[in-house]
Structure formats: structure tokens, C-alpha cells
Amino acid sequence: MNGAACAKTAAASPFLLVNPSDPQSFDRFAEQYDAAAALERRHDFFLQNLPERRDVALDVGCGTGLLAHALSAHFRFVVAVDISEPMLALARRNRTATNIDYRRADASDLRLDARFDAIVSHTTLHHLADPSRALTALKSSLRPGGRLLLVDCVTRFPAAIPRLTIFYWAFASLRFCRDLIRRNTREALVLFRFNLSRRWIAHLQSDRYLSRAELRALCARELPGAQCVDFANFVGIVWTAPAAGAALHPAPAHG
Ligand SMILES: C[S@@+](CC[C@H](N)C(=O)[O-])C[C@H]1O[C@@H](n2cnc3c(N)ncnc32)[C@H](O)[C@@H]1O
């Protein structure tokens with residue numbers, strides 16, 4: 001994330017999507033984010049890669065609880081953490097289940113007193129100041145044979161292009177046309193308004209994504225043997241902790 005670190009210090013500009021990073025930015029648009037995410041979110045990647053043993057799962061950067069709630073049907077217990085209290089308040093209100101514990105915590109400084117069968121995270125890794133360190137901590141919190149399942153955003157373009165606001169507006173308009181065809185008009189409008197909302201754009205101005213190659217290289221380094229799966233603007237990662245007593249022979253990353 002090193003272009004990232006430089007960009008984080010850049011000044012805001014009306015023409016470029018560049019702003020200082022703000023880990024609490026979700027506090028300011030939690031309701032709107034939830035309305036849009038609930039329309040778009042699919043959990044197939046996570047549900048198709050669950051480990052056999054399904055006692056306790058951890059969702060890191062759980063947001064408004066969409067994934068934690070889906071997992072609660074598959075695990076005995078789900079711990080779901082996020083840094084944003086407004087996001088957690090919506091999770092507790094709208095995605096409640098007796099076997100989910102929503103807690104406020106900073107994923108960069110997790111103190112975990114349990115071992116998990118699955119640790120999942122959807123589009124949160126890029127928010128963390130030191131993703132390598134976070135991956136090391138998460139890995140060591142898995143039970144033998146447990147799974148780390150991550151999805152994170154990647155950028156497909158040279159750094160400057162997605163930061164041009166004109167490019168972003170054109171893209172949002174194209175998505176609106178596509179959504180009008182695929183969805184009902186109300187849903188298409190919810191997504192369009194959210195994508196063009198001042199607060200979401202301000203958030204995007206602080207977002208920094210790795211390229212696909214950078215994220216794959218991070219996995220090869222930190223999660224030897226991980227499978228990486230490409231989706232449109234995302235990479236999905238599956239890593240299984242060695243079984244108890246297994247020799248630690250790093251296998252090459254593939255996928
Ligand atoms: C793009 S949202 C994804 C939320 C949820 N996983 C989803 O898919 O709807 C990123 C989430 O990461 C959370 N977040 C950002 N930095 C964090 C940190 N250091 N520790 C814990 N959560 C963090 C934000 O509050 C936000 O809820």
C-alpha cells in the first residue's frame with residue numbers, strides 16, 4: 001500500500017479523488033451504505049468455501065452485519081467486529097441473531113482470546129494501515145484446519161484514472177443504466193443516489209486499493225498456498241491453516 005501512503009497525504013481536489021484517509025468515514029453514511037449494500041451484497045464466495053468444522057467464526061470489518069448474519073445460519077457462534085459504532089448499531093438493529101456478538105474493535109489491533117474455525121472479511125483489508133501485520137494476526141487466530149476467507153477491492157487502472165471525478169461520474173451513470181435494466185427503478189435509484197452522494201464520494205476520495213498483482217503478491221508472502229480468485233473489481237482469497245501436527249511446507253500460490 002505504498003502509493004497509498006503518499007496519496008493519503010495529498011490535498012483534496014475537485015478534479016481528483018484524493019483525500020486523507022479516514023478510518024471512521026463509514027460513521028457518516030451508515031444508513032445509506034446499508035441500503036445500497038443490502039441490494040448488492042452476495043455471499044456466494046464465502047458460503048461456498050466454508051470449512052468443515054463450523055463452530056465459531058469471526059467477521060472482521062462486519063459493517064452492518066450482512067455477512068455475519070448469513071454466517072450465523074452456518075456456525076454455532078459468530079463474532080463480528082467493526083470500528084464504526086453507527087455501522088454496528090444498524091447491524092444490532094437489523095441483522096440480529098442470538099448467536100452473533102457484534103463488538104466494536106479496531107482490526108489493526110485485535111486482541112483475540114479465542115481460536116476460530118473461519119475468519120472472514122469483505123472489503124475491509126484495504127482500510128487497514130498495515131495489511132501484512134493484520135494477516136499475520138488473523139492467521140494465528142485460526143484453529144488448525146480453519147479458513148481465512150477474504151474479499152478485497154483492487155484497482156484495474158493506472159493510479160490516476162480512477163481518481164478523475166469525471167471518470168467516476170461517467171462510470172456511475174453507466175451503472176445506473178445497467179441497473180435500470182437489471183433491477184426495478186426504485187433499487188436503481190437507491191444505488192445511483194448513493195454512488196453520487198457527497199459523503200460516499202468523499203469516502204472514495206480516501207480509499208486506496210492495491211492492484212490485483214499487488215494483492216496476489218501480498219497473499220503469496222503472508223498466506224503461502226492461498227488460492228486467489230479474480231472477480232470483476234475484487235480478489236477473493238482462501239487460505240486454510242495447517243492441520244494440527246502437519247509440517248509447514250509453504251505451497252506455491254495458485255488460482
Ligand atoms: C467497505 S465496508 C465493508 C463492510 C462489510 N464487510 C460489508 O461488506 O458490507 C468496510 C468496513 O470496514 C470497517 N473498518 C474500517 N477500518 C476498520 C478497522 N481499522 N477496524 C475494523 N473495522 C474497520 C468500516 O467501518 C466498514 O464498516
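The values are calculated or read from the model by the stated rules, or taken from the named source; none is laboratory data. Quick caveat: nothing in here was measured; it's all calculated off a predicted structure. Every residue, glycine among them, receives a Cβ derived from its backbone with ideal geometry; neighbour counts consider all protein chains shown.
Summary table below
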{"quantity": "Conditions (1) within 13 Å of the ligand (Cβ to nearest atom); (2) surrounded by fewer than 22 Cβ atoms within 10 Å (Cβ to Cβ): number failed by Ser132", "calculated": "(1)"}
{"quantity": "The one condition in (1) surrounded by fewer than 19 Cβ atoms within 10 Å (Cβ to Cβ); (2) closer than 17 Å to Cys219 by Cα that Leu125 fails to fulfil", "calculated": "(1)"}
{"quantity": "Subset of the range 69-92 [in a strand (DSSP E or B) and farther than 21 Å from Leu125 by Cβ]", "calculated": "Phe77"}
{"quantity": "Residue count, the range 20-43 (criterion: touching a residue at least 24 places away in the same chain (Cβ under 8 Å) and either away from the ligand (no atom under 11 Å from the Cβ) or charged (D, E, K, R) (or both))", "calculated": "11"}
{"quantity": "Residues of the range 165-223 satisfying the condition of being at pLDDT 95 or above, surrounded by 16 or more Cβ atoms within 10 Å (Cβ to Cβ) and polar (S, T, N, Q)", "calculated": "none"}
{"quantity": "Test: residue in the range 58-68 that is touching a Phe, Trp or Tyr at 6+ places or on another chain (Cβ under 7 Å), in contact (Cβ under 8 Å) with a residue 12 or more places away in the chain and in a helix (DSSP H, G or I)", "calculated": "yes"}
{"quantity": "Qualifying residue in the range 69-78 (condition: within 8 Å of the ligand (Cβ to nearest atom) and modelled with pLDDT of 95 or more)", "calculated": "no"}
{"quantity": "Test: residue in the range 234-253 that is at pLDDT 85 or above and in a helix (DSSP H, G or I)", "calculated": "no"}
{"quantity": "Cβ pairs under 6 Å, 6+ apart, first in the range 93-122 and farther than 19 Å from Pro23 by Cβ, second in a helix (DSSP H, G or I) and within 15 Å of the ligand (Cβ to nearest atom)", "calculated": "Arg95/His69; Ile100/Ala68; Ile119/Leu138; Val120/Phe46"}
{"quantity": "Residues of the range 100-117 that turn out to be assigned to a loop (DSSP other than H, G, I, E, B), more than 15 Å from the ligand (Cβ to nearest atom) and surrounded by 13 or more Cβ atoms within 10 Å (Cβ to Cβ), as a count", "calculated": "1"}
